[in-house]
Amino acid sequence: MNQPSIAHQIRQSLLDRFLSYVAIDTQSDPKSTSYPSTEKQFTLLRLLHDQLLELGVTSVSLEPKGYVLAQISATAGYEDRPALGLIAHVDTSPDFSGQDVHPQIIEDYAGEAIPLGTTAELTAREFPELMELLGHTLITTDGTTLLGADDKAGVAEIMEAVRYIMAHPELPHGKICIGFTPDEEIGAGVDHFDVKKFGADFAFTVDGGREGELEYENFNAASAKVVATGRSIHPGYAKGKLVNAIEVIYLLHASLPHYARPEFTEGYEGFYHLTHFSGDVERAEAEYIIRDHNRGLFEEKKTYLEQIAAEINAAYKRPVIQVEIKDSYYNMYDQVAPHAEMIERAKQAMTLAGVTPRISPIRGGTDGARLSYMGLPCPNLFTGGANFHGKYEYASLDTMCRAVETLVHLVTEA
């Protein structure tokens, strides 16, 4: 009699685990000055710490800054293998409520519209990627909250992989390192992450989306703060005297390439994105994010923004506008590319799990991007979630199960 697949063996346990995690509100707060940004993240972090101990993992710690770090020792004879890490974040986005999550379970999805309460529905017309999931069991929101698959799907998948490995000591493996982090959604997920203590030579964040995603290229990213200083004069007597700070920022914005904006770009195309504006005639402020996969084009975009500001100041014959640019993170590719064998290992793990690898660039950033520049190369793997950060979020249980099977094959040597 054939042994059931790993995905089949862990299916119910994975579903129960995921539902228990999304029931815990772990929303992070970008306005907080504490770390983690919200105390409630510790509820899930403490639970994960205790559950790892219950699974038989002996090296587990909950750090004061909210990191759960664990290590599973290499099996005898495999101590010389690279130490591999798996990382996921526990917080959910501050963009939409994560309190009182009540998931819906849709068995054997057939392409129908899925009601999300009385005011919205999840349809293949608006989200055509749903047609890839016919026959799957879907987990959706009830329309009042986000789901939390970003990244509690990844958290649950790592925990199920650990449970399976601990229950099958016959599977040989090198050292396995597990990390759960807070505050990823507000860009602070690895601010205090101790790479040396984590102990991995190479790691993967489990924080992607569609089945088969393997991402090891992401944006280079910067933020720009623009401040315009005006001079208010009665408009009836303003000729040659008035400086309208609003118009100054408008002039800068209009000088940027019109189609180099998020709504017109895809793939490897970069952009400028105006995220905030406020002000009046005397003073106005704007905030931008700048993105490009190519480091050279990224630097050009930053330089061009500064050049526009300099030209505006020259035209006004006084410093009416200032631009302050701060780099956020860089493309992990340069740090990951030298480890081609690990990318091939991830592809092989997917193939063994019946998954077709889908290589694509991340049009954003992950904890892995920053970790890669902290000495821990860290590409990103799929979880099975989609439409993150809002009420249209959903996850495929079938894909989640294959994600667990991928992780088991990835970190073991059988």
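List pairs: first in the stretch 192-204 and in the same structural domain as Thr383 (by TED's automatic domain parsing) and within 13 Å of Ile178 (Cα to Cα), second β-branched (Val, Ile, Thr) and modelled with pLDDT of 95 or more, Cβ under 7 Å, 6+ apart or cross-chain?
Going by the 7 Å Cβ cut-off, the qualifying pairs are Phe193/Thr181; Ala203/Ile87.
Does His173 meet the test of being more than 20 Å from Met400 (Cβ to Cβ), surrounded by fewer than 22 Cβ atoms within 10 Å (Cβ to Cβ), at pLDDT 95 or above and out of contact with any strand residue (DSSP E or B) (no Cβ under 7 Å at 6 or more places or on another chain)? Show your work before the answer.
Details: more than 20 Å from Met400 (Cβ to Cβ): yes; surrounded by fewer than 22 Cβ atoms within 10 Å (Cβ to Cβ): yes; at pLDDT 95 or above: yes; out of contact with any strand residue (DSSP E or B) (no Cβ under 7 Å at 6 or more places or on another chain): yes.
So His173 passes the test.
Tell me yes or no: at least one residue of the stretch 97-109 is of a type in the set (Val, Ile, Thr) and either modelled with pLDDT under 95 or farther than 16 Å from Tyr21 by Cα (or both). Don't jump to the end; show me each part of the working.
Within the stretch 97-109, the subset of a type in the set (Val, Ile, Thr) is 101, 105-106.
Now drop any that are not either modelled with pLDDT under 95 or farther than 16 Å from Tyr21 by Cα (or both), which leaves 106.
Yes: the stretch 97-109 contains one or more residues that are of a type in the set (Val, Ile, Thr) and either modelled with pLDDT under 95 or farther than 16 Å from Tyr21 by Cα (or both).
If you check Ile249, Ile289, which single one turns out to be in a strand (DSSP E or B) and either surrounded by 13 or more Cβ atoms within 10 Å (Cβ to Cβ) or at positive phi (or both)?
Ile289
Looking for something buried (at least 20 other Cβ atoms within 10 Å of the Cβ) and in a loop (DSSP other than H, G, I, E, B) - is there at least one such residue anywhere in the stretch 115-136?
Yes: one or more hits.
Residues Ile343, Ile308: which one is under 25 Å from Ile289 (Cβ atoms), in a helix (DSSP H, G or I) and of a type in the set (A, V, I, L, M, F, W, C)? Steps first, answer last, please.
Values: Ile343 fails: under 25 Å from Ile289 (Cβ atoms).
It is Ile308.
Residues being in contact with a strand residue (DSSP E or B) (Cβ under 7 Å, 6 or more places away or on another chain) and in contact (Cβ under 8 Å) with a residue 12 or more places away in the chain: count how many of those fall in the stretch 294-338. Can you show your working first?
First, pick out the residues of the stretch 294-338 that are in contact with a strand residue (DSSP E or B) (Cβ under 7 Å, 6 or more places away or on another chain): 295, 298, 301-302, 305-306, 309, 312-313, 316, 320-332.
Okay, now just the ones that are also in contact (Cβ under 8 Å) with a residue 12 or more places away in the chain, so 295, 298, 301-302, 305-306, 309, 312, 316, 320-332.
Count: 22.
Based on this model, can you work out whether Ile359 counts as in contact with a Leu (Cβ under 7 Å, 6 or more places away or on another chain) and surrounded by fewer than 19 Cβ atoms within 10 Å (Cβ to Cβ)?
Details: in contact with a Leu (Cβ under 7 Å, 6 or more places away or on another chain): yes; surrounded by fewer than 19 Cβ atoms within 10 Å (Cβ to Cβ): yes.
For Ile359, the condition - in contact with a Leu (Cβ under 7 Å, 6 or more places away or on another chain) and surrounded by fewer than 19 Cβ atoms within 10 Å (Cβ to Cβ) - is met.
List the number of the failed condition for Arg283; all other conditions in (1) surrounded by 14 or more Cβ atoms within 10 Å (Cβ to Cβ); (2) of a type outside the set (Ser, Thr, Tyr); (3) in the same structural domain as Glu405 (by TED's automatic domain parsing) hold.
Only one criterion in (1) surrounded by 14 or more Cβ atoms within 10 Å (Cβ to Cβ); (2) of a type outside the set (Ser, Thr, Tyr); (3) in the same structural domain as Glu405 (by TED's automatic domain parsing) is unmet by Arg283, namely (3).
Tell me the residue from Asp50, Asp29, Asp25, Asp80 that is within 13 Å of Lys152 (Cβ to Cβ), among the charged types (D, E, K, R), surrounded by fewer than 20 Cβ atoms within 10 Å (Cβ to Cβ) and assigned by TED's automatic domain parsing to the domain that holds Gly199, please. Outline the logic, then answer.
On the way: Asp50 fails: within 13 Å of Lys152 (Cβ to Cβ); Asp29 fails: within 13 Å of Lys152 (Cβ to Cβ); Asp80 fails: within 13 Å of Lys152 (Cβ to Cβ).
Going through Asp50, Asp29, Asp25, Asp80 in turn, the sole match is Asp25.
Yes or no: Val323 touching a helix residue (DSSP H, G or I) at 6+ places or on another chain (Cβ under 7 Å), in a loop (DSSP other than H, G, I, E, B), of a type in the set (A, V, I, L, M, F, W, C) and modelled with pLDDT of 95 or more?
Working: touching a helix residue (DSSP H, G or I) at 6+ places or on another chain (Cβ under 7 Å): yes; in a loop (DSSP other than H, G, I, E, B): no; of a type in the set (A, V, I, L, M, F, W, C): yes; modelled with pLDDT of 95 or more: yes.
So Val323 fails the test.
Looking only at strands (runs of 3 or more DSSP E) that fall completely inside the stretch 60-106, which ones have 1 or more residues that are more than 15 Å from Gly179 (Cβ to Cβ) and out of contact with any Phe, Trp or Tyr (no Cβ under 8 Å at 6 or more places or on another chain)?
On the way: elements: 68-72, 84-89, 104-106.
Of the strands (runs of 3 or more DSSP E) lying wholly inside the stretch 60-106, those with at least 1 residues that are more than 15 Å from Gly179 (Cβ to Cβ) and out of contact with any Phe, Trp or Tyr (no Cβ under 8 Å at 6 or more places or on another chain) span 104-106.
From the residues in the stretch 223-234 that are modelled with pLDDT of 95 or more and of a type in the set (A, V, I, L, M, F, W, C), which one is farthest from Glu405 (Cα to Cα)?
Among them, the one singled out is Ala228.
The values are calculated or read from the model by the stated rules, or taken from the named source; none is laboratory data. Please read all numbers here as calculations on a predicted model, not as lab measurements. In this analysis, Cβ positions are derived from the backbone assuming ideal geometry, glycine residues included, and neighbour counts consider all displayed protein chains.
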